[in-house]
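*Asks:* Let me begin by handing over the structure; questions about it come next.
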Amino acid sequence: MTVLHTARLRLEPCSPEHLEGLHDMNRDPAVMRYITGRGETLQETEDMIERVQARWAELGYSWWSFLDLATGQVVGAGCIQHLGRDRAQPLEIGWRLRQDRWGQGLGSEAAQRMASFAFDELQTPLLCAVCHPDNQASAHVMKKLGMSYRGLEHWYDMDTSVYDMDRAAWLARSAP
């Protein structure tokens, strides 16, 4: 399983060791507002970790826990997965952060590193991202990453704003 690093974060595949930190984040209704509309139970977070570990074993990518390098605390989570969890769909990037870490650039920092993993290591031709149409903070991270708005589409049982970026755009953006 792949561990990624940024200037301020260590991205580790989600594991039972992260349960308390992930649950603290996922039970916050403000964090989950645009994802499920409610906080998660401890059992839901445990089930998520189990599903994610199975995907890591099968695919070699899934969800990471974002660990703050200074404190070792879980401050967020993010993924590279197939859009709609359907292997026929392109890869999707996603993230969430603890509320006390919003507005510090950590989402963009982690997204940049996960996108690099998707394009450079997995060689994906296209990377998508979805968010609730009202989630301007997440859309901002998508735009900052270099993604373009594709339109409204129905994913994860809701209408979502979809952004994407192809490999050529990533390479052009990453060129010196």
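*Asks:* Ignoring everything except DSSP H segments at least 4 long, calculate the 222 nm mean residue ellipticity for the chain; use -39,500 (n - 2.57) per segment, divide by total residues, nearest 500.
*Replies:* Working: 6 runs with 59 residues, N = 176.
Mean residue ellipticity at 222 nm (helix-derived): -10000 deg cm²/dmol.
*Asks:* Okay, moving on. Where in the chain are the DSSP H helices whose C-alpha atoms run 20 Å or more along the long axis and whose mean Kyte hydropathy is at least -1.0? Don't jump to the answer; show the numbers that get you there.
*Replies:* Numbers: long enough: 42-59 (25 Å, -0.74).
Those that clear 20 Å and a mean of -1.0 are 42-59.
*Asks:* What order, most packed first, do the peptides 17-23, 168-174 have when packing is the mean number of other Cβ atoms within 10 Å of each residue? Intermediate results must be reported in sequence, preceding the final value.
*Replies:* Numbers: 17-23: 19.0, 168-174: 13.3.
Put in order of decreasing packing, that is 17-23, 168-174.
*Asks:* Taking Cα pairs under 8 Å and at least six residues apart, what relative contact order does the chain come out at, in percent?
*Replies:* Working: 303 pairs, mean separation 30.5, N = 176.
After rounding, I find 17 percent.
Every number in this text was worked out from the coordinates using simple rules, so none of it is lab data. Predicted, not measured: the structure shown is a model, and the values here were computed from it. Using ideal geometry, Cβ is built from the backbone for each residue, glycine included, and neighbour counts are taken over all protein chains shown.
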